[in-house]
Amino acid sequence: MSEENFSLVEFEKKYVARLGDRTLDWNVLKFQEEIDPSYRRAQMRYIGRGATANNDANVIAAEHFTLSTMVLPPGCVGPLHLHDDVEEVFFILKGNVKALIQESSDSEVHEIPLNERDCISSPPGVYRGIRNDGDEEALMLVMLGAVKPNLPTYPEGSAMEEVRKQRAKDRESIINGK
C-alpha cells in the first residue's frame, strides 16, 4: 500500500475483526451434534471460512490460513478427524482438555492433556480430536494452514464419515456460490 492511497478506515474495515462484531456459531457443526450430542461446540470465525466453508461475510479474507475460536462445553468432544492437506493448531485459551491423536483409523487413540496456554499442532494425515472432561467450558484458538482446506475425513466406517460424504457436495456449492 502506498502512503498517498492509504486509508486507515479502509484498512480497518478489511483487516480488523472485533469480538463485538461476532457471534458464536452453534450451527456450523450441528450436523456432528445430530450424530452424537457430545459433539456440540461453537465456532467464532475471524480469518477465513475454515474447512466448513460457511458463507460468513464478517470475516477477514484469508490469504494463507484460517483462524477461529472454538467453545467446547463440559463433556463435549471435537470428534476424531483427519486433514490430508493442512496442519491444524489448537491453542487452549481457557480450560483443560485432552487432545486425541490417532495415527490411522484402526490404531490406538492417544490422549494428551492440554491446559491453558498449551498448544498442539497436528500435521496433515494424522487423526486429531479434542475432548473436554472438565466441569467448565473450554475456549480454544484453532488455526488451519490453508485458505480453503479440504473437507476433513473421519475414521473409516464411522457415522461421521458417512455424513461427510454427503456434505462434501453441499460444501462445494457454498464455495462456488451456487
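Report those strands (runs of 3 or more DSSP E) wholly inside region 1-117 carrying at least 2 residues which are without any contact (Cβ under 8 Å) to a residue 24 or more places away in the chain and surrounded by fewer than 17 Cβ atoms within 10 Å (Cβ to Cβ).
109-114
In this structure, does residue 100 turn out to be at pLDDT 90 or above, out of contact with any Lys or Arg (no Cβ under 7 Å at 6 or more places or on another chain) and not polar (S, T, N, Q)? Taking the combined requirement at face value, the residue does not satisfy it.
Can you work out which of the residues in region 118-172 that are in a helix (DSSP H, G or I) and touching a Ser or Thr at 6+ places or on another chain (Cβ under 7 Å) is surrounded by the most Cβ atoms within 10 Å (Cβ to Cβ)?
Across region 118-172, the extreme among qualifying residues is 164.
Within region 163-177, does at least one residue satisfy the condition of being closer than 22 Å to residue 105 by Cα, in contact (Cβ under 8 Å) with a residue 12 or more places away in the chain and touching a helix residue (DSSP H, G or I) at 6+ places or on another chain (Cβ under 8 Å)? Checked region 163-177: at least one residue is closer than 22 Å to residue 105 by Cα, in contact (Cβ under 8 Å) with a residue 12 or more places away in the chain and touching a helix residue (DSSP H, G or I) at 6+ places or on another chain (Cβ under 8 Å). So which of 161, 156 ends up being touching a Pro at 6+ places or on another chain (Cβ under 8 Å) and of a type in the set (Asp, Glu)? Among 161, 156, only 161 is touching a Pro at 6+ places or on another chain (Cβ under 8 Å) and of a type in the set (Asp, Glu).
Conditions tested, residue by residue: (1) more than 24 Å from residue 127 (Cβ to Cβ); (2) more than 18 Å from the chain's Cα centre (by Cα); (3) not aliphatic (A, V, I, L, M).
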residue	(1), (2), (3)
4	yes, yes, yes
9	yes, yes, no
14	yes, yes, yes
34	no, no, yes
45	no, no, yes
82	no, no, no
100	no, no, no
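Among the residues of region 51-58, not a single one is modelled with pLDDT of 95 or more and over 15 Å from the mean Cα position of the chain (by Cα).
The values are calculated or read from the model by the stated rules, or taken from the named source; none is laboratory data. Keep in mind it's a predicted model, so treat the numbers as computed, not measured. Positions of Cβ are backbone-derived with ideal geometry, glycine not excepted, and every protein chain shown enters the neighbour counts.
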